[in-house]
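The structure appears right after this line, and notes come after that.
The values are calculated or read from the model by the stated rules, or taken from the named source; none is laboratory data. Please read these numbers as outputs of a predicted model, since none were measured by experiment. Don't worry about glycine lacking a Cβ; one is built from the backbone with ideal geometry, like all the others, and counts go over all protein chains shown. Note: areas computed on protein heavy atoms with side chains; ligands, DNA, RNA excluded. Shrake-Rupley method; radii C 1.70, N 1.55, O 1.52, S 1.80 Å.
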Amino acid sequence: MKRSSFLPAILGAALAFGMTISARAETLIQVTPWLAPNVYGSPSFPGAEANAVQGLYQGLTSFGTPGTPTYFKAQTTPVTSNQVIVTGFPSWLGQVDPGTVFGPGFASELGNRMHFGLSAIGSDGQQFSISQMSFNAVSTDPFNALNFGFAASAYNYGTGYMGVLYGGDNALGGGDDTFITGGLNTQLVDAIFGRGSGNSFAAYCPALPLLCTLVEQQAALDDAAAYPGGPFKFTGTYTIGAYSGSGTFDINPVPIPGAALLFGSALAGLAGLSALRRRKKSEVLGLTPTAA
């Protein structure tokens with residue numbers, strides 16, 4: 001996974017050519033991809049959200065208790081397409097019956113969504129508000145199916161997006177910061193740390209979830225993961241004023257045994273994919289973008 005920001009690229013290029021950088025107010029935006037529990041129904045999402053915000057505030061790439069669904073960890077390696085599916089039945093990282101596979105603490109999880117964690121830090125007295133922030137995500141699959149975004153004024157301070165006002169030391173940390181987790185989104189702050197927006201493909205049972213067998217659940221998940229059949233990237237970009245920062249997931253395909261269960265043969269599978277492409281991508285792929 002890739003993390004980037006506009007400011008370091010400018011500074012690095014300038015220093016490489018021996019340019020002198022004068023101190024001026026700027027906003028550094030760093031984006032950290034991570035796999036989160038499903039915000040829609042997962043009992044562990046609030047804990048994972050809190051760990052992500054605290055981890056990013058402390059400048060860490062992981063935070064929380066390893067081996068639990070609330071653990072925050074930056075995704076620094078490629079993921080497989082079945083690991084980034086949210087589901088209408090219990091699953092985790094591409095496996096159904098997660099309570100048996102991963103342990104009782106995962107029993108009620110509903111899959112995983114790709115999120116773009118946010119760290120936005122002003123320098124030299126630069127302040128900004130979360131109302132100035134916008135977001136856009138694009139994917140390199142044939143449909144750009146994960147594409148979505150939020151315009152400026154869509155975000156608000158809260159448990160998932162924490163504003164920070166520096167204390168007497170005029171620096172991040174040090175035990176004297178003030179945290180903004182409510183009120184008007186136009187409040188000026190020195191920094192913002194957030195769990196970030198995200199998206200993933202979704203899988204649902206053709207029957208009612210309670211009537212769906214584990215085999216049918218796994219087949220539904222695998223079929224959702226079959227698209228697009230090759231590697232692709234998913235990139236999210238935050239913009240605040242003149243500054244922006246991006247992060248990227250690299251997604252690799254996996255063999256899909258469930259496709260054989262539903263389509264019966266490779267020929268039928270190709271015919272099914274052709275039919276899917278003729279439908280609206282929102283209908284085909286069950287898109288569930290995470291709200292701001």
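Worth pointing out:
- When Phe179 is tested against the conditions (1) of a type in the set (Phe, Trp, Tyr); (2) open to solvent by 30 Å² or more (accessible area, probe 1.4 Å); (3) within 20 Å of Val96 (Cα to Cα), the lone failure is (3).
- Ala50 being assigned to a helix (DSSP H, G or I), small (Gly, Ala, Ser) and buried (at least 17 other Cβ atoms within 10 Å of the Cβ): yes
- Count - residues of segment 82-121 that are open to solvent by less than 10 Å² (accessible area, probe 1.4 Å) and either among the aromatic types (Phe, Trp, Tyr) or assigned to a strand (DSSP E or B) (or both): 14
- Thr20 of a type in the set (Ser, Thr, Tyr) and either modelled with pLDDT of 95 or more or crowded, with 18+ Cβ neighbours inside 10 Å (or both): no
- Filter result for the condition that a residue is free of Cβ contacts under 8 Å to residues at least 60 places away in the same chain, open to solvent by less than 60 Å² (accessible area, probe 1.4 Å) and under 28 Å from Phe179 (Cα atoms), over Thr32, Thr61, Thr70: Thr70
- Identity of the residue in segment 142-168, of a type outside the set (Ser, Thr, Tyr) and open to solvent by less than 10 Å² (accessible area, probe 1.4 Å), that ends up farthest from Gly41 (Cα to Cα): Val164
- Matching residues, segment 199-240, being in contact with a helix residue (DSSP H, G or I) (Cβ under 6 Å, 6 or more places away or on another chain) and either among the charged types (D, E, K, R) or loosely packed, with under 14 Cβ neighbours inside 10 Å (or both): Asp222, Asp223
- Residues that are over 13 Å from Leu35 (Cβ atoms) and not in a strand (DSSP E or B) are absent from segment 69-79.
- Considering Thr248, Thr288, Thr237, the condition of being on the phi < 0 side of the Ramachandran plot, polar (S, T, N, Q) and at pLDDT below 65 is satisfied by Thr288 alone.
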